[in-house]
Every structure is written in C-alpha cells, then in structure tokens.
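First comes the structure, then the notes that go with it.
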Amino acid sequence: MGFLDISNVTKSYGSVEVLHRVDISVEEGEFLVLVGPSGCGKSTLLNMIAGLEGITGGEISIKGRVVNGVHPSKRNIAMVFQSYALYPNMTVGQNMTFGLEMHGVPKPERDKALAEVAKLLQIDHLLDRKPGQLSGGQRQRVAMGRALVRDPDVFLFDEPLSNLDAKLRVDMRTEIKKLHQKLRTTIVYVTHDQIEAMTLSTRIAVMNKGHVQQLGKPKEIYDSPANLFVATFMGSPAMNIVPAKVVMEGGRPQAQVTDAEGRPILLALEQGNLAGWEGRDILLGIRPEAITDPEGADRNSHAIRSLSNLVTVTEPAGADTFVTMSLSGRDVIARMRADAAVHPGQRFDFAVNMEKAVAFDPATEERIAP
Amino acid sequence: MASSVSGATQDSAVSTGNVTRVFIYLVLILFALFYLLPLYVMAVNSVKPLAEITGGNMMALPRDWTLEPWGAAWSTAQIGVSPTGLKPYFLNSILMVVPAVAISTVVGALNGYILTKWRFRGDTWVFGLMLFSCFIPFQIVLIPMARVLGLLGLAGSVPGLILVHVVYGIGFTTLYFRNYYAAFPTELIRAAQIDGAGFFRIFWRILLPVSGPIAVVSVIWQFTNIWNDFLFGVSFGGTSQPVTAALNNLVQSSTGVKEYNVHFAGAILAALPTLFVYIVAGRYFVRGLMAGSVKG
Ligand SMILES: Nc1ncnc2c1ncn2[C@@H]1O[C@H](COP(=O)(O)OP(=O)(O)OP(=O)(O)O)[C@@H](O)[C@H]1O
Ligand SMILES: [Mg+2]
C-alpha cells in the first residue's frame with residue numbers, strides 16, 4: 001500500500017480505450033514524473049487522480065482512501081495547470097486564497113498562509129496585481145503558490161513549464177526541485193520533456209499509447225531501459241541502436257557489427273546471459289556518452305573496447321563534440337570532449353564502454369541483456 | 001506634394017489628396033443630414049402649435065414655441081376611449097421591459113455557461129434547437145402562445161408579456177453567451193472545481209465578472225427588441241398595453257382633428273428609452289459583439 005495507489009486503472013472514451021490497466025504505487029514524499037509522447041494519456045491519468053475525469057475501471061486511492069467518485073475539492077489535492085489557469089478578475093492574493101475561502105477557512109488563517117507562501121516563492125510584492133499584469137515566470141510562481149497554500153496531500157502538475165522560454169524553464173525546474181526537497185510533499189508531474197523527467201523525479205513512469213512502458217528510478221530507466229521505446233525516448237541525443245549478430249569467440253559472446261566499409265568488427269559483450277543467442281540477430285543499444293575518444297573513456301570501466309571507424313560528421317556543441325560514424329549501416333553518434341582530435345573523413349579509434357551496452361530482441365523489442 | 005505628406009503621416013492604408021478628402025467629407029455630411037432629417041422634422045413640429053403645421057411648412061422652425069403637445073402626449077391625449085396620454089402605457093412598458101431583459105439575460109448567461117462548461121449528452125442538439133427559435137417568426141407563435149397564456153392565467157397582463165418576451169429572447173441571449181463563454185478557458189473552471197467552488201459559485205465568482213461586454217450586448221439587444229415590439233403587445237397586452245400599442249392608438253385615432261404636433265411628441269417620447277440605451281452603451285455593443293465573434 002502506497003500513499004497514492006493507482007491500481008488497474010483504465011479509461012475509455014466511448015469504445016476507445018486510451019489507458020490500459022495502469023498500476024502505479026507512489027510513496028509519501030515521492031516525486032513521480034509521468035513522461036511520454038503527445039497523446040499517450042499522461043494528462044488523462046493526472047486528471048483522473050484529480051477527479052476531473054471519471055475512472056472507467058480500477059481504483060485510485062490517496063492515503064488509503066479510495067477516491068473514485070469523490071469530488072476534486074474533497075481529495076485534498078492541488079493542481080498546477082499548463083496555462084496556469086489564474087482567475088483573471090482576481091488579484092494574485094485573491095487567486096491564491098480562493099481555495100481556502102471555498103473551504104471555509106477563516107480570514108486571519110488565510111492571510112497567514114498567504115503571507116508564508118508568498119514569502120517562500122518571493123511574490124510578496126505582487127499580491128495586489130491582477131494576473132494580466134504579470135510576466136510568464138511570475139504567473140508560474142503564483143500558480144504554484146495557489147497550490148501550496150492549500151497544503152495538500154498530493155501536488156499534481158500538468159506540464160507547468162512548457163509555456164516558459166528555455167532559460168526560465170531551466171531556472172523554474174531547479175526551483176521546483178528545491179521546493180520539493182524543502183517541503184517533501186508527494187508530487188505527480190506530467191511532462192513530455194525527458195530532461196525534466198530525469199532531473200526532477202525520484203521515479204519515472206514512461207508511457208506510450210496508454211501503457212506504462214517502464215516504472216523506475218531515473219538511473220534504472222536510463223541505464224536499463226525495459227524496451228526499445230524507453231531506450232530511444234529517454235536521453236538526448238537518443239541511444240544508438242545497431243543491428244548486430246551474436247557470435248561466440250573464446251567462449252564468450254561477441255556482438256558482430258560492420259564498420260563504414262563493411263568490414264566486420266567484434267565487440268565483446270559483458271552480458272553473460274546472451275549465450276543462448278549464439279548465431280542470432282540482436283539490436284545493440286549504446287548511449288552516445290559510452291562512445292568516446294580513448295583519453296575520454298571511463299576509467300572505472302573494465303570493458304572499454306577499441307573500434308576503428310571512419311568519421312562522417314563532427315558537430316562541436318561547446319562542452320561536447322558530437323561525432324557521427326556508421327555502424328552496420330546505421331548512423332551512430334558519439335559524445336566526446338570538446339578538444340578531442342577528431343576530423344571528418346579520417347579513421348579514428350573510438351573507445352566503446354561495453355559495460356553500458358544493452359541488447360534488445362529485434363522481434364519483441366524487449367531488453368534481453370543485461 | 002500634399003498627398004505624399006498625408007500618405008506619410010496618416011495611418012490610414014490609403015493615402016488621399018486634399019480634394020478627394022473634402023469631397024468625401026461633403027458626401028458624408030450630406031448623408032448624415034439626410035438621416036437626421038426625420039428626427040429634425042419630428043422635433044421641430046412637436047414644439048409648434050397645430051395651426052403652424054397645417055397652415056405652413058413642415059421644415060420651418062416654429063414661430064411660437066410651445067411645450068403643450070408634449071404635455072398632451074404624456075398625460076391628456078385621447079388613447080382609445082380614455083384621455084390618459086401615454087403615461088400609463090409608458091409605465092407598462094417599463095414594468096414589462098426591465099424584468100424581461102433581466103430574466104432573459106440571466107437565463108441566457110446560465111445557458112451559455114452550461115452549454116460550454118457543463119456539457120452533457122445531446123447538448124449540441126439543445127443548442128441547435130435554441131438557435132432555431134431565433135428564426136421562428138412572431139406570427140407563428142401567436143395562437144399557441146395565446147393558449148398557453150390563457151392556461152397560465154396570464155392573458156392580458158404585464159407578467160404575461162414578460163413571459164412571452166423572455167421565452168422569445170432566450171434563443172438570442174443563449175447564442176451570445178454561449179459563443180462568448182466558448183472562448184473562456186475550461187482549465188479555469190477545473191481549477192475552481194479543485195478549489196472547491198460549486199456550480200453557482202463558479203458562475204458568480206469566476207465567469208460573471210468577465211462577462212461585462214457580452215452582457216451589454218444582450219441587454220441592448222433585448223431592450224430595443226422588447227421595447228419596440230408591437231405585435232405581442234397588441235396581441236397579449238389586454239388592458240396593460242405597452243407604449244408602442246398606445247402610440248399606434250394615438251396616431252390612428254379616427255375621431256376629431258389630427259393633432260400632428262402631439263403625435264410627433266408622443267413618437268419621440270416612445271423612442272427616448274431606446275435612444276438613451278444606445279447612446280449610453282452603444283460603443284460597448286460593438287466591442288462586445290466583436291469580442292464574442294472573434295474569439296468564439
Ligand atoms: N474527451 C475526449 N474524448 C475522446 N478522446 C479523448 C478525449 N480526451 C483525450 N482523448 C484522447 O486520449 C488520449 C490521451 O490524451 P491526453 O490528453 O491524456 O494526452 P497527453 O499524454 O496529455 O498528451 P499531450 O502531451 O499532448 O498533452 C489521446 O489520444 C486523446 O486523443
Ligand atoms: Mg497533456
């Protein structure tokens with residue numbers, strides 16, 4: 001039993017099922033991020049937790065109480081909307097205390113709560129303004145403030161940062177993280193930005209087409225993606241996926257790929273459980289940062305393999321340089337230090353950290369190793 | 001030269017020379033005068049003794065100014081069988097128009113709120129039918145309406161007229177408010193629900209405060225239509241006829257001399273309230289219409 005339990009929940013609009021048997025259990029104080037491409041059902045799930053959408057099947061409970069059919073205002077949740085949804089005719093102060101007023105909290109208490117939260121979010125000087133007189137970042141703060149004054153059991157965020165410009169988004173992201181570390185309230189946060197998901201969450205649920213593809217800590221999701229969808233959705237640039245064949249050499253499984261000129265290359269696989277795959281095709285997944293120049297390779301890794309190949313493109317990006325090569329006919333991106341001596345059109349000795357490699361079944365797209 | 005200067009300084013898209021400009025203004029002024037002519041004739045002749053009208057020129061200014069026709073039209077002129085003037089009928093109209101406008105506007109606002117923010121199965125059908133009611137000609141409903149008013153015991157009374165006008169106006173007011181509220185973000189309603197506000201509280205605290213422009217549209221539209229209505233007034237007014245019906249009686253009376261000056265004064269009196277509403281709220285009318293149509 002968790003703090004917020006979503007068990008076996010489905011949602012249908014008419015005859016179309018948009019959420020299929022979702023099971024997520026959230027502990028108190030967790031920061032759960034629902035991430036996935038547009039239309040995968042993140043907002044629908046969040047709205048069901050909030051009580052704004054009906055539950056077709058299954059059960060949602062908060063603090064051990066089943067809330068199916070309970071009115072949104074009686075679930076002790078607060079929500080921050082993508083458009084902020086500030087009441088245009090009320091001042092910032094009135095906006096933030098409206099919920100308390102509706103719940104019959106006396107004025108002195110409301111004012112006290114307002115003052116505390118306003119101070120916490122540094123919006124004390126804005127309390128008498130109307131939402132129309134605020135900048136995007138300020139509106140964002142007010143929307144969070146409105147949720148905070150309620151002191152709810154669970155915070156729900158629906159893409160709260162997507163209306164901000166790139167720089168402000170990063171700042172607010174940090175701020176939300178700080179806030180969570182300070183208050184330790186349970187949060188469910190929807191985003192389609194995988195970086196937001198990685199940085200903010202204590203756990204991530206990756207969703208696609210109404211299914212939860214994987215639920216786990218950010219590191220688990222990143223290092224051991226459950227399937228090809230999660231592998232390619234999380235991470236930027238995306239994980240390189242290379243078709244390979246498993247061959248046995250020296251009693252150990254090796255992944256056979258081809259270089260830009262079609263010559264075979266063997267990469268020893270660390271993952272022992274691939275023995276049964278001898279002679280069969282797999283998809284080898286290697287993250288860009290696991291392919292470097294020899295000097296930049298991870299010193300703690302016991303499985304750095306050298307791989308000589310032709311460099312097709314280099315893209316300096318300030319801190320890193322992205323280098324493209326061709327493996328088994330696919331473009332593969334390597335992430336190197338900015339000063340790595342690598343030039344397009346030349347051969348280069350890439351260092352591949354095979355400890356970080358994962359293998360997928362080409363038919364089911366599920367991970368088979370490690 | 002002049003045209004190049006005006007082209008650079010005026011922010012109109014088309015640059016025009018001075019001659020064209022003068023010409024355009026002349027034409028516009030002529031048109032304005034032409035449109036004002038009836039009002040001028042009415043005003044001027046309402047302050048002349050009758051002899052001056054019958055014996056002279058309709059366009060001339062009065063030689064002897066008098067307010068007597070106004071007094072007569074208001075309180076002593078023969079309306080039907082009794083010499084009451086327009087006063088009691090004017091009062092009837094006000095007693096009818098104020099509640100009718102208020103009720104139809106409030107109901108329209110509630111309908112618009114429900115049809116956009118509390119959607120239910122078949123709501124588009126309901127709205128379609130209400131829209132359809134805007135196109136039903138008055139004459140068609142006369143007999144069924146008479147029957148309904150009879151059954152309700154409201155025939156020939158001011159409340160009866162209020163009911164008729166409310167029923168007839170709801171289609172329009174619903175249309176206005178529905179289109180206006182369709183542009184209102186639904187996330188706000190959801191936020192208010194989470195905050196714990198109920199159906200009426202959301203309407204009252206969140207929606208109504210931003211409904212000013214469309215409320216003005218609805219009020220003007222309903223006010224002018226109901227005030228100017230003649231057919232329903234004559235048909236269902238009974239002993240509480242509105243001012244339009246009384247004015248008709250005054251002007252059409254077949255006995256005695258035609259007192260044109262009194263007729264003119266009466267006509268202006270009957271038109272004053274709508275004129276007043278337009279002057280006070282006219283610019284909000286256009287603004288509100290635009291807000292509704294552009295956003296919706
Ligand atoms: N009222 C509705 N009627 C029918 N289908 C709906 C309705 N609302 C949502 N859907 C469908 O449910 C699916 C999930 O929608 P949802 O809004 O949850 O997506 P999302 O993951 O939040 O996407 P985005 O990132 O674009 O916000 C979509 O395929 C959508 O078309
Ligand atoms: Mg969404």
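Every number here is computed from the coordinates shown, using simple stated rules; none is lab data. These figures come from a predicted structure and were not determined experimentally. Because the Cβ atoms are built from the backbone with ideal geometry, glycine has one as well, and the counts that use them run over all protein chains shown.
Each of A:GLN138, A:PHE157, A:GLY296 was placed along the dipole of chain A (beta-carbon charges, centred on the mean Cα), and the one lying farthest toward the positive end is A:GLN138.
Here each label is just a point 7 Å from Cα along the line to Cβ, and for A:ASP223 and A:ALA338 those points are 2.9 nm apart.
Counting only DSSP H runs of at least 4 residues, each contributing -39500 (n - 2.57), and dividing by the residue count of chain A, the helix-based mean residue ellipticity at 222 nm comes to -7000 deg cm²/dmol. Compactness check for chain A: Cα Rg over 2.2 N^0.38 Å is 1.18.
Ordered by the number of other Cβ atoms lying within 10 Å of each residue's own Cβ, fewest first, B:PHE236, B:PHE203, B:PHE23, B:PHE135 fall into the sequence B:PHE135, B:PHE23, B:PHE203, B:PHE236.
Once Rh is set to the Kirkwood radius over Cα pairs, what Stokes-Einstein translational diffusion coefficient, in µm²/s, holds for the stretch B:176-228 at a temperature of 4 °C and a viscosity of 1.567 mPa s? So the translational diffusion coefficient is about 105 µm²/s. Charged neighbours of B:THR116, selected by a Cβ distance under 11 Å, balance to +2 (K, R count +1; D, E count -1).
Taking a Cβ cut-off of under 13 Å around A:VAL92, the surrounding Lys, Arg, Asp and Glu residues balance to a net charge of +3, with basic ones at +1 and acidic ones at -1.
A dipole drawn for chain B from +1 and -1 charges on Cβ atoms has a positive end, and of B:MET145, B:LEU110, B:ILE226 the residue lying farthest that way is B:LEU110.
Rg/Rh, computed from the Cα trace of the stretch B:86-128 with Rh as the Kirkwood radius, has the value 1.30. Between B:ARG121 and A:GLU355, the FRET efficiency estimated from the beta carbon spacing at R0 = 60 angstrom works out to 0.55. Once C-alpha pairs closer than 8 Å and six or more residues apart are averaged by separation and normalised to the residue number of chain B, the relative contact order reads 27 percent.
Peptides A:95-101, A:338-344 ranked from most to least packed give A:95-101, A:338-344, packing being the mean of other C-beta atoms within 10 angstrom over each peptide's residues. Gap in Å between the Cα centre of the stretch A:266-340 and the Cα centre of the stretch A:207-240? The stretch A:207-240 and the stretch A:266-340 have Cα centres separated by 19 Å. Using the alpha carbons alone, the radius of gyration of the stretch A:1-56 stands to its Kirkwood radius in an Rg to Rh ratio of 0.96. Each Lys and Arg contributes +1 and each Asp and Glu -1, all at the Cβ; summed about the Cα centre of the protein assembly as shown, the dipole is approximately 1720 debye. Per residue of chain B, the DSSP helices (runs of n ≥ 4 H) give a summed -39500 (n - 2.57) that works out to -23500 deg cm²/dmol at 222 nm.
Projected onto their three principal axes, the Cα atoms of chain B cover extents of 76, 75, 32 Å, largest first. On the basis of the beta-carbon distance and an R0 of 22 Å, B:LEU91 and B:ALA43 show a calculated FRET efficiency of 0.40.
When the Cα positions of A:PRO264, A:PRO243, A:LEU274 are compared along the charge dipole of the stretch A:240-360, A:LEU274 comes out farthest toward the positive end, with charges on each C-beta of Lys, Arg, Asp and Glu.
Multiplying the residue separation of A:ALA268 and A:HIS125 by 0.36 nm and subtracting their alpha-carbon distance yields 45.3 nm. Length gained on full extension, A:GLU261 to A:HIS103, computed as 0.36 nm times the residue gap minus the Cα-Cα distance: 49.8 nm.
Measuring nothing but alpha carbons in the stretch B:24-162 and taking Rh as the Kirkwood radius, the Rg to Rh ratio lands at 1.15.
Convex hull of alpha carbon positions in the stretch A:240-360: directionally averaged projected area 7.0 nm².
Against the empirical curve 2.2 N^0.38 Å, the C-alpha radius of gyration of the protein assembly as shown lands at a ratio of 1.46. Across the stretch B:201-285, the volume of the C-alpha convex hull divided among the residues equals 113 Å³ per residue.
To the nearest µm²/s, what D does Stokes-Einstein give for the stretch A:30-187 at 4 °C and 1.567 mPa s, using the Kirkwood radius over alpha carbon pairs as Rh? In µm²/s, the coefficient rounds to 79. Taking each residue as 0.36 nm, the span from A:LEU310 to A:GLN82 lengthens on full extension beyond its C-alpha to C-alpha distance by 77.5 nm.
Near A:PRO243, once Lys and Arg are set to +1 and Asp and Glu to -1 for all other residues with Cβ below 14 Å from its Cβ, the sum equals -2. Give me the distance between the Cα centres of the stretch B:176-209 and the stretch A:79-93, rounded to whole Å. The stretch B:176-209 and the stretch A:79-93 have Cα centres spaced 12 Å from each other. The ranking of B:MET59, A:MET354 from fewest to most other beta carbons within 10 Å of each one's beta carbon is B:MET59, A:MET354. Arranged from fewest to most other beta-carbon atoms within 10 Å of their beta carbon, A:LEU284, B:LEU67, B:LEU95 become B:LEU67, B:LEU95, A:LEU284.
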